[in-house]
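> Got a structure for you, written out below as structure tokens; questions coming shortly.
The values are calculated or read from the model by the stated rules, or taken from the named source; none is laboratory data. The shown structure was predicted, so the numbers you read here are calculated from the model rather than taken from an experiment. Neighbour counts run over all protein chains shown; Cβ positions are idealised from the backbone, glycine included. The protein model used for the area step is the full one, side chains on, heavy atoms only, and it has no ligands, DNA or RNA in it. Shrake-Rupley method; radii C 1.70, N 1.55, O 1.52, S 1.80 Å.
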Amino acid sequence: MILATLGWGTWWCVLFLHRFAPRVEVPLLLPSIASTLLAATGLVIAVLTLRARRAWILFALAPLFANASLLLVPWLAGELGGR
């Protein structure tokens, strides 16, 4: 979850700059690379935490979903930026 939080934080920093300092242009490649690396690492760690017991799946669902959804953000941001 820490890695997912850091990855989402990169996008929130971009949104913050876009809102309060619109003259500062941040290329989308920078947060895309950072968030993808963090999300991929977090997803691998979340998958590795799965154990044979079903209870572990419940514990791992939050980081699995957070990191998997973070992997889609660069694609969605590219779609919005291309308008």
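> Mean-square fluctuation check for the chain, GNM, Cα pairs under 10 Å: which of 40, 21, 66 is largest?
21
> Suppose all protein chains stay in the model; what accessible area per residue would a 1.4 Å probe give for the chain, in Å²?
Per-residue value: 76 Å².
> Related question: Can you compute the charge dipole magnitude of the chain about its Cα centre, using +1 on each Lys and Arg Cβ and -1 on each Asp and Glu Cβ, nothing else charged? Give it in debye, rounded to the nearest 20.
With only Lys, Arg, Asp and Glu charged at Cβ, the dipole is about 260 debye.
> Can I ask one more? At 222 nm, what helix-only mean residue ellipticity would the chain give, in deg cm²/dmol to the nearest 500, using -39500 (n - 2.57) for each DSSP H run of four or more?
Counting only the DSSP helices, I get -28000 deg cm²/dmol.
> From the convex hull of the Cα coordinates of the chain, what is the mean projected area in square nanometres?
Spelled out: convex hull of the Cα atoms, projected over all directions, averaged, 5.7 nm².
> At 1.4 Å probe size, with the rest of the protein present, what percent of the exposed accessible area of segment 1-71 is carbon and sulfur atoms?
Reported share for carbon and sulfur atoms: 77 percent.
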